[in-house]
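Below you'll find the structure, written out as structure tokens, and then a few comments.
The values are calculated or read from the model by the stated rules, or taken from the named source; none is laboratory data. On a predicted model such as this, the values are computed, not experimentally measured, just so you know. No Cβ is skipped: glycine too gets one built from the backbone with ideal geometry, and neighbour counts run over all protein chains shown.
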Amino acid sequence: MYSPLYSFAKRFMESNATCPNGWEFPLYWFDECIDTIWMKTGFILGLIELFIWFIALTPQIMLNIKNEHSGAFTVTFIGCWIIGDLLNLMVVILTEQVTVVKMLAIFYLFPDFILLLQLAKYA
């Protein structure tokens, strides 16, 4: 009997077979074989960067909500920012970067669109 759980378990077992000395956390959650100290360091730094980028614009977003004003940003600035982050996402996908880098490229877009929505609401 086929089930999604069976499919996931099968994929994990096959991945584990192709990465015998790999770190299990990224192998299980991201399907990435990380088996050297440099790869582990890069993965950990990538997760830290992901967390920092996720909270980087939180103070500005909260201030905009509190003041009901987003005068510090213009449509041109946020538009250029979004275009740059979309191009970054395209490059990451086309060059088949590791999962953490793909996640970071996607997370770059969240604050961009939140600021754009705030600009539209408070302008």
Cross-chain or 6+ apart pairs with Cβ under 9 Å, region 21-40 first and among the basic types (Lys, Arg), then surrounded by 13 or more Cβ atoms within 10 Å (Cβ to Cβ): Lys40/Trp23; Lys40/Pro26; Lys40/Ile34
The one condition in (1) modelled with pLDDT of 85 or more; (2) farther than 24 Å from Tyr122 by Cα; (3) not basic (Lys, Arg) that Cys80 fails to fulfil: (2)
Long-range neighbours under 9 Å by Cβ, at least six apart or interchain, first residue on the phi > 0 side of the Ramachandran plot within region 51-75, second surrounded by 11 or more Cβ atoms within 10 Å (Cβ to Cβ): Glu68/Lys121; Glu68/Tyr122
Ile48, sole failed condition from (1) within 17 Å of Phe107 (Cα to Cα); (2) in contact with a Phe, Trp or Tyr (Cβ under 8 Å, 6 or more places away or on another chain); (3) modelled with pLDDT of 85 or more: (2)
Enumeration of residues in region 111-123 that are under 18 Å from Leu50 (Cβ atoms) and surrounded by 14 or more Cβ atoms within 10 Å (Cβ to Cβ): Pro111, Asp112, Ile114
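Scan region 62-75 residue by residue and report those that are of a type in the set (A, V, I, L, M, F, W, C) and surrounded by 15 or more Cβ atoms within 10 Å (Cβ to Cβ). Can you show your working first?
Keep residues of region 62-75 that are of a type in the set (A, V, I, L, M, F, W, C), which gives 62-63, 65, 72-73, 75.
Matches in region 62-75: Phe73 only.
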